[in-house]
Amino acid sequence: MCTDAADSLSECREMVRDFARTEIAPHVREWDEKAHFPRDTVRRMGELGLLGILIPEAYGGAGLTYAHYVAVLEELGAVEGGLALTVAAHNSLCTSHVHTYGSEEVRRAWVPRLASGEILGAWGLTEAEAGSDAGGTKTTAARSDKGWVLNGSKNFITHASVGGVVVAMARTKPGTDHHGISAFLVPLDTPGVSVGKHEDKVGMRISDTASLVFEDCRVGPEALLGAEGEGFIQAMEILDGGRISIAALAVGIARGALDAAAAYAKERRQFGKPIAAFQGLRFMLADMAVDVAAARLLTERSAADKDAGRKTTLISSQAKLFASEAAVRVAEKAVQVLGGYGYCKDYPVEKFWRDAKLCTIGEGTSEIQRLVIAREVLGG
């Protein structure tokens, strides 16, 4: 189990690799075709400590590091990107937000349940008119005599229909100022919360994605996380860690695609020899291997900075940008290596190709990452 801070990184990685190969890999195609969310497998990941990796043991977590975390996500992503996304969204978005900004009472009530996997967490920032422009948030939270009343909706929410609680950003002051946005912890069984449209996605199909609707949803004063008006700032800080998650997921997808392409190239014969013998194909595999290695190094550097308590805005955006685009490049080349078979579902590379694309979109598009990086480089 990844539940002891003294466990070596290699032991944790090997445990997750074995788990992914034995308990996930045999079901990947069926789950993907049916867009099936494998609840039993997710519960098993909770038992292994994967749903509370970053949370201190005092709150029921594994108390491990970001170095462990990115290794876990890579191993899962190399087999099933959707489950890696489940671990990423649950850990670095919802659970991290509650643990970082919740009161001690809220932490004690919710973090152990999240860390154990008893419930899954969702995180709600995106709306129909507030994607890259989070300042366009229109969901509102109005004060009441017993707390707050939320109205509005959130789009593309991971775990919207399978989770137990959501951290939702809502406007507590009118206008479009970022400082008018606050963060709220809302149990998903609260009256006034409903699940909207389920998204039928191209990739990451086993990851639950749907919209959430708030209609006169009443929560107590303790639901406010941190100070009123600090939700946007909190979200940006949480996304620094979230982008490391997506980078690690992308590294896993890219590595899985490379491994599949290399194995096929050694077996497939044309013109009397394995296609791996042809220089043109070798060059493709070499480029793929460089992309994987460079993406992993950037991701591991961002994890090391996070563990050291350094600001990671620049490095996490760099890692997320490079790793996500590298995953798309590598997966596409893997399809090309397999030729016609690469376009068929009998082989895994077409799924890596479909899954990879989301990494360039979720938790800040590639274009947003370039804006963040340029701002950091230019000093504002």
So in segment 186-200, with the set limited to residues that are part of a loop (DSSP other than H, G, I, E, B), farther than 18 Å from residue 221 by Cβ and not aliphatic (A, V, I, L, M), which one is least open to solvent (accessible area, probe 1.4 Å)? 199
Going residue by residue through segment 156-166, is there one that turns out to be within 22 Å of residue 221 (Cβ to Cβ) and open to solvent by 10 Å² or more (accessible area, probe 1.4 Å)? yes
Are there any strands (runs of 3 or more DSSP E) wholly within segment 131-183 with 1 or more residues that are touching a helix residue (DSSP H, G or I) at 6+ places or on another chain (Cβ under 6 Å), and if so which? 147-158, 165-171
Members of segment 321-341 that are over 20 Å from the mean Cα position of the chain (by Cα) and either open to solvent by 20 Å² or more (accessible area, probe 1.4 Å) or farther than 15 Å from residue 253 by Cβ (or both): 332, 333, 336, 337, 338, 339, 340, 341
Wholly within segment 33-127, helices (runs of 4 or more DSSP H) carrying at least 1 residues that are more than 29 Å from residue 213 (Cβ to Cβ): 39-47, 66-77, 104-116
Single residue of segment 352-380 satisfying the filter (more than 18 Å from residue 238 (Cβ to Cβ) and of a type in the set (S, T, N, Q)) that is surrounded by the most Cβ atoms within 10 Å (Cβ to Cβ): 360
Quick one: in segment 242-267, of everything that is in contact (Cβ under 8 Å) with a residue 60 or more places away in the chain and among the charged types (D, E, K, R), which residue is most open to solvent (accessible area, probe 1.4 Å)? 259
Output for segment 225-237, where each listed residue is closer than 18 Å to residue 369 by Cβ and open to solvent by less than 10 Å² (accessible area, probe 1.4 Å): 235
For segment 29-53, how many residues are open to solvent by less than 70 Å² (accessible area, probe 1.4 Å) and either over 18 Å from the mean Cα position of the chain (by Cα) or of a type in the set (Lys, Arg) (or both)? 2
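The values are calculated or read from the model by the stated rules, or taken from the named source; none is laboratory data. As the structure is a prediction and not an experimental result, all values here were calculated from the model. In this analysis, Cβ positions are derived from the backbone assuming ideal geometry, glycine residues included, and neighbour counts consider all displayed protein chains. The accessibility values were calculated without ligands, DNA or RNA, using every heavy atom of the protein model including side chains. Shrake-Rupley method; radii C 1.70, N 1.55, O 1.52, S 1.80 Å.
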